[in-house]
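Working notes for the structure below.
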Amino acid sequence: MAVSTIADRLAAVRAAIAAACARANRPVDSVTLIAVSKTHPPDMLLEAIACGQAHFGENRIEEAAGKIAAVQAQTNVPLTWHMIGHVQSRKARDVVAAFDVIHSLDSLKLAERYARFVDELKRPPVSVLLEVNVSGEDSKSGFDGSRWQTDQSQRESLWSDIRRIIELPGLRVWGLMTMAPIVDDPEQARPVFTALRALRDALAQDFPQADWSTLSMGMTDDYPVAIEEGATMVRIGRAIFGERASLPGDV
Ligand SMILES: *Cc1c(COP(=O)(O)O)cnc(C)c1O
């Protein structure tokens, strides 16, 4: 059998997304596929672009800045770049300069820095998703949102940060993002996705002035389950581009 190409793998992922949408009674265009291209060279992204892929996710600004420029120089297709990895404060300016959507906003301090650089760079507001750790796993970054329903002080601190973030000019809050723990059976990730949606629903009720429509959740091993639980963006790397050589900071 021939080695499968990016075109074949993309087609298989799109079919699986459509099947999950059908099971959940959702229109297929309610899910945006983000091709996670970290570690892969511009040529592989161009191959995906030739198959109609327009959204790409990267997790390290050092790697992404040059790659974005290289890809943009070789295509006229309008592309949307998503920062999905943890960002150190000193890299905030470069991230605001290079990306359209930031999925990994995980502190008020970083939100304030992004807002400042949006102003300095005179760019349109940057869309942000608040990354929330709903599983309570220590290794995960994000706002702690593991006990907001039972722990009043956790809820107050989360709500208070969010109240300030949505007031920042320069940021357009667009929803939530989470990383599910790595598990053997994708069903084990389902409660994490359900929990993110429940938190989103509570925030939408308490902060109706912001847009909470995006739920960025689901990766290669668990995206069909995430879609059943309401994901509107799935971030998929290996199923499209194949295995990655592992790098520090990679997952
Ligand atoms: C690498 C990465 C992904 C994609 O992971 P795959 O298992 O390759 O699909 C999704 N989200 C984040 C935040 C990542 O770092």
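For region 83-102, filtering for residues that are part of a strand (DSSP E or B) and in contact with a His (Cβ under 6 Å, 6 or more places away or on another chain) leaves 1. In region 220-240, the qualifying residues are those that are among the β-branched types (Val, Ile, Thr) and in contact (Cβ under 8 Å) with a residue 24 or more places away in the chain, and the one that is most open to solvent (accessible area, probe 1.4 Å) is THR232. Might you let me know whether region 226-244 holds any residue that is modelled with pLDDT under 95 and of a type in the set (Asp, Glu)? Yes, there is a match, as at least one residue in region 226-244 is modelled with pLDDT under 95 and of a type in the set (Asp, Glu).
List every residue pair whose Cβ atoms sit under 9 Å apart, with the two residues 6 or more apart in sequence or on different chains, where the first one lies in region 100-125 and is within 16 Å of the ligand (Cβ to nearest atom) and the second, anywhere, is basic (Lys, Arg). Close Cβ pairs satisfying both conditions: HIS103/ARG235.
May I ask you to list the residues in region 197-219 that are within 27 Å of GLU63 (Cβ to Cβ) and either more than 15 Å from the ligand (Cβ to nearest atom) or open to solvent by less than 30 Å² (accessible area, probe 1.4 Å) (or both)?
Selection gives THR214, LEU215, SER216, MET217, GLY218.
Checked against (1) more than 15 Å from the ligand (Cβ to nearest atom); (2) open to solvent by less than 20 Å² (accessible area, probe 1.4 Å); (3) of a type outside the set (Asp, Glu); (4) part of a strand (DSSP E or B), ARG172 meets all criteria but (2).
Criterion first (near the ligand (Cβ under 10 Å from one of its atoms), without any contact (Cβ under 8 Å) to a residue 24 or more places away in the chain and open to solvent by 40 Å² or more (accessible area, probe 1.4 Å)) does GLU243 satisfy it? Answer is yes for this residue.
The values are calculated or read from the model by the stated rules, or taken from the named source; none is laboratory data. This is a predicted model, so every value here is computed, not measured. All Cβ positions, glycine included, derive from the backbone under ideal geometry; neighbour counts span all protein chains shown. The accessibility values were calculated without ligands, DNA or RNA, using every heavy atom of the protein model including side chains. Shrake-Rupley method; radii C 1.70, N 1.55, O 1.52, S 1.80 Å.
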